[in-house]
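Any read-out appearing in this document is the output of simple, stated calculations on the displayed coordinates, not a laboratory observation. Computed from a prediction, not measured in an experiment: that's the story for all the values here. Every residue, glycine among them, receives a Cβ derived from its backbone with ideal geometry; neighbour counts consider all protein chains shown.
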Amino acid sequence: MIKAIMFDLDDTLLWDSKSIEEAFKATCRYAQTKVGVDPQDLELSVREAATKLYSTYDTYEFTKNIGINPFEGLWGDFLDEHDEGFHKMKEIVPTYRKKAWTSGLQSLGITDAELGAELSERFRKERKEKPYVYEDTFRVLNEVKGNFQLLLLTNGSPHLQNTKLDKTPELVPYFEEIIISGDIGRGKPDSAMFLHALERLKLQKDEVIMVGDNLNTDIRGASNLGITTVWVNRRQQKPQDIIPDYEIKELHEVLEIVNNMK
């Protein structure tokens, strides 16, 4: 019998990709007013520059293990004190942000380090002001909260993930436990995250289900331990070597699944 539901955070409950997208749009439109650049072209070139640059730092393996992507690096502060990797991230990201935006401008023929620095700060501000939650998130949480223990299982920097939760504080009370990979030292799909979650819930693997949008982290990691998985496939991706137990297009479809498991 299922007693608990483990939810992923980013792009499962929080619409993180939209927050990033809207921050890019606003920042690149501002750049257009300054130097006449095409906003879409600038966004593409900055995304490309950021991704390439991010992989050159010696923190890259650390960020991959924890699950911190290049675009979180463009706005996060990484003030976590408990790991040397976060200390390094905190030192690196101010330069990384400026370089990513300056390089993005440069690839479009604009050499302006001062504007690059201004845009890097503007993007951070825009991202912090643009939290989005899927329209069915609270409906789902309200329906399941009385029948199941709820746990949030998210990859990332504790400081950054808690910043996201601070921007949507109404999410937090639904969860008995919030587990962030940066506190564990390994991120999903590593078994350490899921085993820690089971330990905190005091439950066995056949008493929980994992609900998430990412096949490679949420679904792979839970499946490897024999935990039942529900894949929220909003973008209509094709599963390859990872087959979830259930596949849904919208979060609210999970209600029918879990109601049959009570």
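Summary of computed values
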{"quantity": "³J(HN,Hα) computed for each position of the range 175-190 - Karplus, 6.51 cos²θ - 1.76 cosθ + 1.60, integer Hz, glycine/proline x", "calculated": "10, 6, 9, 10, 10, 10, 4, x, 7, 8, x, 9, x, 4, x, 4"}
{"quantity": "Interchain or long-range residues, amide H under 5 Å from residue 78's placed H", "calculated": "160"}
{"quantity": "Per principal axis, descending, Cα span of the range 214-262 in whole Å", "calculated": "28, 26, 12"}
{"quantity": "Percentage relative contact order, the chain, counting C-alpha pairs under 8 Å, at least six apart", "calculated": "24"}
{"quantity": "Theoretical ellipticity at 222 nm over the chain - DSSP helices of four or more residues, -39500 (n - 2.57) apiece, nearest 500", "calculated": "-15000 deg cm²/dmol"}
{"quantity": "Most positive-pole-ward Cα, 54, 154, 123, against dipole of the chain from beta carbon charges", "calculated": "123"}
{"quantity": "Integer Hz, Karplus 6.51/-1.76/1.60 couplings in order for the range 66-80, x for Gly and Pro", "calculated": "7, x, 10, 8, x, 7, 5, x, 6, 9, x, 9, 6, 8, 5"}
{"quantity": "Integer Hz, Karplus 6.51/-1.76/1.60 couplings in order for the range 54-62, x for Gly and Pro", "calculated": "4, 6, 8, 7, 6, 8, 4, 4, 4"}
{"quantity": "Under-5 Å amide H pairs with residue 229, H placed in peptide plane, nonlocal only", "calculated": "210, 245, 246"}
{"quantity": "DSSP bridge orientation in the chain - percent antiparallel, rounded to nearest 5", "calculated": "5"}
{"quantity": "Magnitude of the charge dipole, the chain, Cβ model with Lys/Arg +1 and Asp/Glu -1, debye to 20", "calculated": "280"}
{"quantity": "Cβ-placed point charges (K, R +1; D, E -1), dipole of the range 16-128 about Cα centre in debye, nearest 20", "calculated": "320"}
{"quantity": "Nonlocal amide H pairs with residue 15, under 5 Å, H built at 1.01 Å", "calculated": "132, 133, 134"}
{"quantity": "Mean Cβ count within 10 Å, highest first, over the residues of peptides 92-100, 218-226, 191-199, 253-261", "calculated": "218-226, 92-100, 191-199, 253-261"}
